[in-house]
Amino acid sequence: MPKTVAICFANNKGGSGKSTTCSNVGYFLAAAGKKVLLVDGDMQLNLSLAYFDEERVLALAAGEQNLYRALQKQADLSEYILPTGYDRLDIVPSSTLMSSVEFELFSKWQREYVLKKCLSKIKESGRYDYILLDSPPTLGCWVMNILAASDYLIVPVEASPWGLFGLSNLFEFLAQVKDVAPELQVAGIAITKVDGRKNYYKQTLETLQDLPAHLFSTHIHQDSNIEWAQDNSKPVGSYRRSCRSSQEYLALTKEVEQICR
Ligand SMILES: Nc1ncnc2c1ncn2[C@@H]1O[C@H](COP(=O)(O)OP(=O)(O)OP(=O)(O)O)[C@@H](O)[C@H]1O
Ligand SMILES: [Mg+2]
């Protein structure tokens, strides 16, 4: 049976490109023939918005077919999967109610493993080649759940002065959760939102090269096509295949496939 690889995208720094990277790597994995499940783990609903329009996302968030409801019932996530409209690419949407997940987990038995258990049947079935999980910009019990349910972590980092600030907190947190997620491997750091005209980019690279983590060689540049694509609820590869960020996400996806298998 084929192995399902779970990859999460996490960084406590907000706006670092987690949702954008998760949605676009997911799209290109599926375009390359892999079966992919996206799981939107953030109350901001950004991963869901990457594929569905606002009206549908809000209706899903207020209804029963979302991650929050699955966690609440500690149910098999298979029953919460929706097709994105792209071949081989499915999603479990999120809910704004995820704002209370941290509080609610507190009273749950084995609270770090609630998501892992909800995903276990899907993982065991081998139905997907990849499960990609998007995280909120926090470090707490919910993100611990996401890490514990994953085989690999990708850390998107924005190439900006504040993008690097706080990265040490993430690595300290990872050291703390080692017992909770002993098998988790850091696949690498993905540099996003690069403005090549700014000197700070070079400084970012130097700082990141000192960290004990692989640095993906593809860097994602700032590109307004990303925002236009998101405005149209589309991954950039579907919105404008030939644009720079689309080509970069395609290249990054190939690197991810090499490492996460
Ligand atoms: N390569 C890019 N070029 C231009 N804009 C980008 C690019 N990547 C991301 N953005 C924009 O930057 C913002 C933050 O990106 P994104 O939502 O992916 O980050 P995030 O880490 O998921 O944020 P949060 O921590 O709030 O969940 C979004 O408005 C997105 O449209
Ligand atoms: Mg996000």
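Show me, for the stretch 148-164, the HN-Hα J-couplings you get by feeding each phi into the Karplus relation (A = 6.51, B = -1.76, C = 1.60, θ = phi - 60°), rounded to Hz, glycine and proline as x.
Each residue of the stretch 148-164 in turn: 5, 8, 10, 8, 9, 10, 10, 10, x, 10, 7, 6, 8, x, 7, x, 8 Hz.
Using the Kirkwood radius over C-alpha pairs as Rh, can you work out the diffusion coefficient of the stretch 173-243 via Stokes-Einstein at 37 °C, viscosity 0.692 mPa s, in µm² per second?
For these conditions, the coefficient is 223 µm²/s.
Looking at the chain, send over the antiparallel percent of its DSSP beta bridges, to the nearest 5.
5 percent
Say each of TYR200 and ALA62 gets a label point 7 Å from the Cα, pointing the same way as Cα to Cβ; how far apart are those two points in nm?
With each label point 7 Å from Cα toward Cβ, the separation is 3.9 nm.
Can you list the residues, at least 5 places off or on another chain, whose amide H is less than 5 Å from the amide H of ILE220, using H built in the peptide plane?
ILE191, THR192, LYS193, VAL194
Where does each of LYS35, LYS73 land when they are ranked from fewest to most other beta-carbon atoms within 10 angstrom?
Sorted ascending by nearby Cβ count, the order is LYS73, LYS35.
Just add up the charged neighbours of ASN66: K/R +1, D/E -1, any other residue whose Cβ is under 13 Å from the Cβ of ASN66.
Counting the neighbours of ASN66, the net charge comes to -1.
Given H placed 1.01 Å from N in the peptide plane, which residues other than close sequence neighbours of LEU133 have an amide H under 5 Å from its amide H?
For LEU133, whose amide H was placed from the backbone, the distant partners under 5 Å are ILE7, CYS8, PHE9, VAL39.
Ranking TYR51, TYR239 by Cβ neighbours within 10 Å, fewest first, what do you get?
TYR239, TYR51
Take THR218, THR84, THR138 and order them by how many other Cβ atoms sit within 10 Å, fewest up front.
Fewest-to-most ranking of THR218, THR84, THR138: THR138, THR218, THR84.
Please report the orientation-averaged projected area of the stretch 5-259, defined via the convex hull of its C-alpha atoms, in nm². Present the calculation step by step, with values, prior to reporting the outcome.
Working: hull surface 49.5 nm².
Projected over every direction and averaged, the Cα hull of the stretch 5-259 covers 12.4 nm².
Between LEU215 and residues 5 or more places away or on another chain, which pairs have amide H atoms under 5 Å apart, with H built 1.01 Å from N, and which residues are they?
Amide H neighbours of LEU215, under 5 Å, 5+ apart: ILE189.
Please work out whether the stretch 1-115 counts as rounded, prolate or oblate from its C-alpha gyration tensor, where a ≥ b ≥ c are the square roots of the eigenvalues and a/c under 1.5 means rounded, while otherwise a/b larger than b/c means prolate and anything else oblate?
rounded
Laboratory data are not the source of any read-out in this text; all were calculated from the coordinates shown. Everything numeric here is computed off the predicted structure, so don't read it as measured data. Glycine also receives a Cβ, built like all others from the backbone with ideal geometry; neighbour counts cover every protein chain displayed.
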